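Here the structure is laid out as structure tokens; the discussion comes afterwards.
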Amino acid sequence: MDLQEELDVKAYWSLFVRWWWLLMILASVGIAAGYGLSQTKAPSYLSTAKMLVRSGQNPALPTANDLASSQGLAQSLETLIMARPILEEVAAEIGWHGDLDRLGSKISVTARRNVLEVSARDGDPGAAALLANTTAQTFIDDFVEGELGLIAQLRVSLLQIGITDAEDAS
């Protein structure tokens, strides 16, 4: 070590020895402020419900096209879950009397491959779980109801043009 480096080390050490008490006070103030802020903030809980999205002819043995289709479907459904009619049904189900936009701000939806994640954040862990689960279940029920309605319409259309079920033909 040359003389200049030795002088620099000695100068830094003498500064530290002279001002160590100030460093300790500043560190203590920082720790106390951080602790105080953490005690005043209300806790926030996150609950997530996951839904597997499948499409294709044979869900038990999906092809590469089925998986790609499921991913695209999951991304489309991501937007539909946050639609106002779904939020209105969720609000009615859980007894929410506030603003729907505020309810919607507690919910987030993410599509990861062919999995939809419905997450809800609230100060109460039970309320967060209820909101996430109710949103997912409401969407599933609404989706199934819509699909069954389309099947019924298709059946009526087929009957109108003279095509009957295979069961009816036998």
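The values are calculated or read from the model by the stated rules, or taken from the named source; none is laboratory data. Computed from a predicted structure; not experimentally measured. Backbone-built Cβ (ideal geometry, glycine too); neighbour counts: all protein chains shown. Only protein heavy atoms, including side chains, enter the accessible area calculation; ligands, DNA and RNA are left aside. Shrake-Rupley method; radii C 1.70, N 1.55, O 1.52, S 1.80 Å.
Numbers for the structure displayed
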| read-out | value |
| --- | --- |
| Residue satisfying all of: in segment 12-59; polar (S, T, N, Q) and at pLDDT 80 or above; least open to solvent (accessible area, probe 1.4 Å) among these | S47 |
| Matching residues, segment 110-138, being open to solvent by less than 20 Å² (accessible area, probe 1.4 Å) and either closer than 14 Å to I94 by Cα or without any contact (Cβ under 8 Å) to a residue 60 or more places away in the chain (or both) | A120, A128, L131, A132, T134, T135, A136, T138 |
| All strands (runs of 3 or more DSSP E) inside segment 14-132 with 2 or more residues being more than 24 Å from G146 (Cβ to Cβ) | 45-52, 115-122 |
| Hey, V9 modelled with pLDDT of 80 or more and under 18 Å from A129 (Cα atoms) or not | no |
| Residue in segment 142-152 that is crowded, with 16+ Cβ neighbours inside 10 Å and part of a helix (DSSP H, G or I) present | yes |
| Residue check for A74: in contact (Cβ under 8 Å) with a residue 24 or more places away in the chain, open to solvent by less than 70 Å² (accessible area, probe 1.4 Å) and of a type outside the set (S, T, N, Q) | yes |
